[in-house]
Amino acid sequence: MLEAAEGVAIPITTITGAKPGTALALIAGNHGYEYPPILALQRLRDQIDAATLAGTVIMVHVANMPSFLGRTVYFSPADGKNLNRVYPGRADGSVSERIAYAVTKHVIEAADYVLDLHCGDGNESLRPYVYQAVTSDDRMNAETARLALAFGIDHILIDRNRPTDPAASLYCSTTAITRGKPALTIESGSLGQSDDESVERIVHGVRGVMRELKMVAEGPPPVAQPVYLEPNVVLTSPETGLLYPLVERDQKIAEGTPLVRITDFFGEEVAVVRSPIGGVVLYVVATPPIVKGQPVGCVGTPR
Ligand SMILES: [Zn+2]
């Protein structure tokens, strides 16, 4: 247990292999209502054998304990902040900032590669995909692309809009990348579910990455036919009220398709949010509460 702040502990497992090799960090629970990543690490902890491992696996079982135990979507009950928007954190900050600081110092800075494991949050109906960040550094881009293929999820969102300042990296995976460590953000699972398929997809992906990094002798092969998504767009709500989804996750849509409709608290329609691009619905918010400015969905165009 790593003490991040007064009364806030982070459960961490470090498996040191018998042979030297790469240090891979697996981080679950930056969002505490996202369960498949947390459950996948419970399985991987039993499956990884130190006797045959080359290198080190560092697992953060639940990064955001206040959100996990408080069962909150996006925001910590301790300070109202989204942990995955406050990296690299502050030693003297709020609870979320202290957690981010502890993960940065003790996990990310100790790793060579980082996988930040997510799924659709409690309100998001999501199909599996991976964020592959693109930077101005070709070597980093090649490493990140290799990791993305190794993880085994075929839908890969090309993300060119991540911060470049290591002191204001905001996201967990960007904190790694801005410190020279290739990293991915993984999305597998949806709507507060703990389904076996979403959990096993993460277990499978981690084993693929461990094979690619030569930490284990065998593992799943890389994706043979990746679907790169670019352009892509996160749509946000222009109003606060009740949300009704009009599409399903993984639905193929044309430009201009209405994604969600928003009503006021008396049922009067106040907005319809349409996709400015055609493509695949990666996620759509599928529970009623919606606040102005929050995401309602994400669409990516296969290129
Ligand atoms: Zn998340």
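The values are calculated or read from the model by the stated rules, or taken from the named source; none is laboratory data. Keep in mind that what you see is a predicted model, and the values were worked out from it rather than measured. Glycine also receives a Cβ, built like all others from the backbone with ideal geometry; neighbour counts cover every protein chain displayed. Only protein heavy atoms, including side chains, enter the accessible area calculation; ligands, DNA and RNA are left aside. Shrake-Rupley method; radii C 1.70, N 1.55, O 1.52, S 1.80 Å.
Overview of results
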{"item": "Rounded, prolate or oblate (a/c below 1.5 giving rounded, otherwise prolate when a/b exceeds b/c) for segment 120-250 by Cα gyration tensor", "result": "oblate"}
{"item": "Segments 98-108, 23-33 sorted - mean Cβ within 10 Å per residue, highest first", "result": "23-33, 98-108"}
{"item": "Rounded to 5, percent antiparallel among DSSP beta bridges of the chain", "result": "60 percent"}
{"item": "Lys, Arg +1 and Asp, Glu -1 on Cβ, resulting dipole of segment 148-303 about Cα centre, debye, nearest 20", "result": "600 debye"}
{"item": "Cα centre as origin, Lys/Arg/Asp/Glu Cβ charges: segment 12-147 dipole, Debye", "result": "160 debye"}
{"item": "Subset of LYS214/LYS252; LYS81/LYS292; LYS81/LYS252; LYS105/LYS292 violating a 25 Å alpha-carbon distance limit", "result": "LYS214/LYS252; LYS81/LYS252; LYS105/LYS292"}
{"item": "Cα→Cβ-extended label distance, 7 Å offset, between GLU255 and GLN47, nm", "result": "4.2 nm"}
{"item": "Cα-centred dipole magnitude for the chain, charges only on beta-carbon of K, R (+1) and D, E (-1), debye, nearest 20", "result": "500 debye"}
{"item": "Segment 112-172 shape via C-alpha gyration tensor axes, a/c threshold 1.5", "result": "oblate"}
{"item": "Of all accessible heavy-atom area on segment 54-107, the percent that carbon and sulfur account for (1.4 Å)", "result": "53 percent"}
{"item": "Burial order of peptide ranges 55-67, 256-268, 166-178 (average beta-carbon count within 10 Å, highest first)", "result": "55-67, 166-178, 256-268"}
{"item": "Mean-position separation - Cα centroids, segment 186-247 and segment 77-148, in angstrom", "result": "14 Å"}
{"item": "Tensor-based shape of segment 141-214 (alpha-carbon gyration tensor, a/c under 1.5 rounded, otherwise prolate or oblate)", "result": "oblate"}
{"item": "Residue (of VAL260, PRO302, VAL233) at the positive-pole extreme of segment 233-303, dipole from beta-carbon charges", "result": "PRO302"}
{"item": "C-alpha long axis of helix 35-47 to longest principal axis of the chain, angle in °", "result": "20 degrees"}
{"item": "Per residue value of the accessible surface for segment 74-185 (all protein chains in place, 1.4 Å probe), Å²", "result": "35 Å²"}
